[in-house]
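Undergrad: Quick one: structure below, then a few questions.
The values are calculated or read from the model by the stated rules, or taken from the named source; none is laboratory data. On a predicted model such as this, the values are computed, not experimentally measured, just so you know. So basically every Cβ, Gly included, is an ideal-geometry build from the backbone, and we count neighbours across all protein chains shown. Just so you know, the surface numbers come from the protein's heavy atoms only, side chains and all, with ligands and any DNA or RNA stripped out. Shrake-Rupley method; radii C 1.70, N 1.55, O 1.52, S 1.80 Å.
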Amino acid sequence: MDVPSEIIAFGISHHVAPVEIRERVAITDNELPEVLRRLAEEPGIHEAVILSTCNRTEIYAFASEVHRQRQQLLAFLTTFRPDVADANENVFYFYEGREAVTHLFKVAAGMDSMIIGEAQILGQVKDAFYQAQEVGTAGTVLNKLFLFAIAAGKRVRAETALGRGAISVASAAVELTQKIFRDLTRRKALIIGAGETGMLVARHLQEKNVGEIYVTNRTAERAEKLAQQLRLRVLPWESFYDRLAEMDIVIGATRAPHYILTVEEHGERISHHGSDPRLLIDIAVPRDFEEGLKKMPNVILQDIDDLQGIVATNLERRRQEIPAASRIVDEEVEKFQQWRQSLQVKPTIIALQKRLQALREAELEKFKHRVSDAEYAHLERITQNLINKILHLPLVKLREYSNNGGGLNLTRIDVIKEIFGLEDTRNEE
Amino acid sequence: MEGIIKLLNVVLPVLYFYTTYLYAIFFFREQQPAGQKATRMLHTTIAIHIVEIILRGVYYRHFPVATVWEAFSVIALAVALIYAYVEYRSGNKTTGYYILIFVFFIQLFSSAFFDTLKGEFPPFLTSSLFIFHVSSAILGYSSFIISAIYGLMYLMLFHEIKQSHFGIIYRRLPSLEELSEMNVRAANIGLFFLTLAIILGLGLTGQVYVSFSPFDAKAIITYIAWFIYALVVYGKVKARWPGRVMALLSLGGLAVILFSMLVVNLFMSNFHEFK
């Protein structure tokens, strides 16, 4: 009787472990091939994929002797990362079977991420899978598992709003820009302040193909440096006010202790802007733009609290999408489980046929020299017909179950194997 | 056949209501399948509406705009058709709810006060010049209605952003620039067709109307509506007025059109009265 194998997931994530522990366990891209190879040599591990990101390190394996794998995998990690031994064992989780499959699908869909619905994780799941394929540790079961996981991740993104809406202040600023202007390629943006925040917003604006992006800073060198880095245009601090009237988007990101734009000094220049409103985004603290500018007729001014409001709304909306995403994950898990059942049925059919053929041949062999050739040929035909008739209904039923995916669980297959004394033929597939 | 026409007349507002409901589900609950269903329902409703208009034309033997309520139904169809075309071209279904709720009410009024001309009627109601005149006027008014609805959406989104409310309207409506473009483009098209209708109407006066005064209330209201939407186009193209101003103007234009459709047509004018 073969030893049953199951899909398992073992790991650590931001849910249960702080960064101090996660960083000790993390496996770098350079180390990964070697770790995978050694993992595949561990007793009972048939296939393996390792997913290691800044928020999680997880081992997915198709393994036998499942009951001892938790301890074995922990010991395995400790050989690579001795520091892990100091960590509380409870920060590691271990799932098997359907639970492990569901966990991976949720991870791929971004449902288990620190920021729900973030898109990066799906790419990381793909990379982990491709690396295991390259090393040769992903076989029939994990290949299919990861293909299903990637499909589930894509479906959740396409059919729910789990990944929609800006979730950082910089991306919320750009989202707001797109709510005002449809075509950003013919728009001009000015970023006041060349610090970290200014750079982040500039990057996001560039990604959205804003026509011209200007930067200005009290210290000219910093503006020059940022402009070089991101290929922006520089406006001198002393005279950028003269160009304000032509800017569609003005972003305040300085650390100045006072207002940079005020109603009294700049209101007139800011308020006249043709058909479309002028967008002022103030992400500086203390604020760069006087609040009174909000009241100007064709001006939209949003500060950091407003942008954080967008982020909070989007995050809440993502949370509300979790039930819909869970339904999709459940459907995909079900499809995968059906595939696994079909995988179990096929070798059983082959084994059953082989077993009865072997019995027939053994019995025929006893008569081979006791009867004439013509009688032997007659016996061969009779026994073959008999076996065909005996096997007909069981094979039809097995194939039916395999195609429908329902009605036949793995325990029942094991019973069939046990009754007929079948060996595991999965590896022959 | 009259029974079928009367039945369709009752069915149409129900169909428009259901279509509007589906667009509302798509807009407020953000359910993608509801959007696809809404589009299919809109196409079905439009097809049934076209059949109803043709049946009316054939059975009553005139282009079905002889009464205000008949004209309402044709305007509802025209607005729905123009919207279906805009949705097909832009792929954006989020404005459907706002357009179709208006269509539903126009059709509801038309069906509720269903009437037509029977028996003897002036022969010009079947003349091609008259049909062109009326078709142009209806396309003109329908475009103005659409322009005003886009104007309304512009004002809603502008207000939401200005007040830092980032709810469903912020998420679902297209950008202010896009709404403003639709607002002005529809005004432009409406202007073209209403100008054509006025010219064709002047051509018709010799043949049709016994007495036509250029100071007829209906004519004056038409000129006012034309002037308001001309201002919308001028404001965008030449004067570069803020989008908000154009949106407000087009809403003012809609008020004038509704006044013309209801008050003037029913109570004040003997011009365009064919009974």
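Undergrad: What residue among B:97, B:223, B:154 shows peak mean-square fluctuation when chain B is described by a Gaussian network model with Cα springs under 10 Å?
TA: Checking each option, the largest mean-square fluctuation is seen for B:223.
Undergrad: Considering the convex hull of the alpha carbon atoms of the range B:127-275, report its projected area averaged over all viewing directions, in nm², one decimal. Provide the component values of the computation, followed by the final result.
TA: Numbers: hull surface 40.0 nm².
So the mean shadow area of the Cα hull is 10.0 nm².
Undergrad: Putting +1 on Lys and Arg Cβ atoms and -1 on Asp and Glu Cβ atoms, find which of A:71, A:132, A:226 reaches farthest to the positive end of the dipole of chain A.
TA: A:132
Undergrad: Right, next: Hey, got the average number of other protein chain Cβ atoms within 10 angstrom for residues in B:22-31?
TA: Details: counts 0, 0, 0, 0, 0, 0, 0, 0, 6, 3.
Mean number of neighbouring Cβ atoms from other chains: 1.
Undergrad: Mind checking the full-extension length gain between residue A:391 and residue A:361? Use 0.36 nm per residue of separation minus the Cα-Cα distance, one decimal, nm.
TA: Numbers: separation 30, 0.36 × 30 = 10.80 nm, distance 1.58 nm.
So the chain would gain 9.2 nm between residue A:391 and residue A:361.
Undergrad: Same structure, new question: Please report the antiparallel percentage of the DSSP beta bridges confined to the protein assembly as shown, to the nearest 5. Could the numbers behind the result be given before it?
TA: On the way: 20 of 41 bridges.
Approximately 50 percent, going by the DSSP bridge assignments.
Undergrad: Please give the charge dipole size of chain A, origin at the Cα centre, charges +1 on K and R Cβ atoms and -1 on D and E Cβ atoms. Round to the nearest 20 debye.
TA: On the way: 55 positive and 63 negative charges, 230 e Å.
Result for chain A is approximately 1100 debye, rounded to the nearest 20.
Undergrad: In Å, the Kirkwood hydrodynamic radius of the protein assembly as shown over pairs of distinct alpha carbons? The partial results should precede the final answer.
TA: Working: mean 1/r = 0.0315 Å⁻¹.
Taking the inverse mean of 1/r over all distinct Cα pairs, the protein assembly as shown comes out at 31.7 Å.
Undergrad: Fully extended, how many nm does the chain gain between residue A:331 and residue A:380 (0.36 nm per residue separation, minus their Cα-Cα distance)?
TA: On the way: separation 49, 0.36 × 49 = 17.64 nm, distance 4.87 nm.
Working it through step by step, the gained length comes to 12.8 nm.
Undergrad: Let me ask another. Can you work out the FRET efficiency for the pair residue B:47 and residue A:324, with r the C-beta to C-beta distance and R0 = 35 Å, to the nearest 0.05?
TA: Working: r = 33 Å, r/R0 = 0.94.
Once rounded, the FRET efficiency stands at 0.60.
Undergrad: From the protein chains alone at 1.4 Å, what is the descending order of accessible area for A:98, A:155, B:40, largest first?
TA: On the way: A:98 105, A:155 55, B:40 150 Å².
In descending accessible area the options line up as B:40, A:98, A:155.
Undergrad: Give me the inter-chain shielding for B:160-173: mean count of other chain Cβ atoms within 10 Å, whole number please.
TA: On the way: counts 1, 8, 7, 2, 10, 3, 15, 2, 2, 0, 5, 9, 0, 1.
The per-residue average across the peptide is 5.
Undergrad: Still on this structure, I have one more. So, taking all protein chains as they sit and a 1.4 Å probe, how much accessible area belongs to residue B:238, in Å² rounded to tens?
TA: Accessible surface of residue B:238 is approximately 150 Å².
Undergrad: Using a Förster radius of 25 Å, what is the FRET efficiency between residue A:243 and residue A:203 based on their Cβ-Cβ separation? Nearest 0.05, please.
TA: With a Förster radius of 25 Å, E is 0.70.
Undergrad: Here is a follow-up. Take the Cα radius of gyration of the range A:258-389 and divide it by 2.2 N^0.38 Å, with N its residue count; two decimals is plenty. Let's see the in-between values first.
TA: On the way: Rg = 40.7 Å, N = 132, 2.2 N^0.38 = 14.1 Å.
Output field value: 2.89.
Undergrad: Related question: Taking the C-alpha atoms of the range A:5-164, how large are the radius of gyration and the largest Cα-Cα span, Dmax, in Å?
TA: According to the Cα coordinates of the range A:5-164, Rg and Dmax are 14.6, 43 Å.
Undergrad: Just to check I understand the Karplus step: with θ = phi - 60° and J = 6.51 cos²θ - 1.76 cosθ + 1.60, what whole-Hz values come out for the range B:81-90, glycine and proline as x?
TA: Rounded to whole hertz, the list is 5, 4, 4, 4, 5, 4, 4, 4, 6, 8.
Undergrad: At a Förster radius of 60 Å, what calculated FRET efficiency corresponds to the Cβ-Cβ distance of residue A:65 and residue A:305, to the nearest 0.05?
TA: Details: r = 56 Å, r/R0 = 0.93.
Efficiency for this residue pair is about 0.60.
Undergrad: While we're here: Rounded, prolate or oblate: which fits chain B when a ≥ b ≥ c are the square roots of the eigenvalues of the alpha-carbon gyration tensor, with rounded for a/c under 1.5 and prolate only if a/b beats b/c? Intermediate values should be presented prior to the final figure.
TA: On the way: a/c = 2.36, a/b = 1.30, b/c = 1.82.
Taking the square roots of the gyration eigenvalues as a ≥ b ≥ c, chain B is oblate.
Undergrad: Stokes-Einstein diffusion coefficient for the range B:1-114 at 25 °C in a medium of 0.890 mPa s, Rh from the Kirkwood formula over Cα pairs: what value in µm²/s? Present the calculation step by step, with values, prior to reporting the outcome.
TA: Details: Rh = 14.2 Å.
Result for D is 173 µm²/s.
Undergrad: Continuing with the same structure: If amide H atoms are built 1.01 Å from N in the plane of the peptide, which residues on other chains or at least 5 residues away come under 5 Å of the amide H of residue A:251?
TA: A:190, A:191, A:192, A:281
Undergrad: Apply the a/c threshold of 1.5 to the C-alpha gyration tensor of the range A:169-316 and tell me whether it is rounded, prolate or oblate.
TA: On the way: a/c = 1.22, a/b = 1.06, b/c = 1.15.
In terms of gyration-tensor shape, rounded.
Undergrad: With every protein chain kept in place and ligands, DNA and RNA left out, what is the accessible area per residue of chain B? Probe 1.4 Å, answer in Å².
TA: Accessible surface, normalised per residue, equals 44 Å².
Undergrad: Ok, one more. Need one word for the range A:45-122: rounded, prolate or oblate. Basis is the Cα gyration tensor (sqrt eigenvalues a ≥ b ≥ c); a/c below 1.5 gives rounded, then a/b vs b/c decides.
TA: Details: a/c = 2.07, a/b = 1.34, b/c = 1.54.
Because a/c hits 1.5 or more and a/b fails to exceed b/c, the range A:45-122 counts as oblate.
Undergrad: Would you grab the residues whose amide H sits under 5 Å from the one on residue A:211? Only those 5+ places off in sequence or on another chain, please, with H modelled 1.01 Å from N.
TA: So residue A:211 has HN proximity to A:185, A:186, A:187.
Undergrad: Between their Cα atoms, which of A:346/A:389; A:126/A:354; A:208/B:162; B:6/B:218; A:154/A:225; B:37/B:238 are more than 31 Å away from each other?
TA: Values: A:346/A:389 19 Å; A:126/A:354 39 Å; A:208/B:162 23 Å; B:6/B:218 29 Å; A:154/A:225 39 Å; B:37/B:238 41 Å.
Checking Cα-Cα distances, A:126/A:354; A:154/A:225; B:37/B:238 exceed 31 Å.
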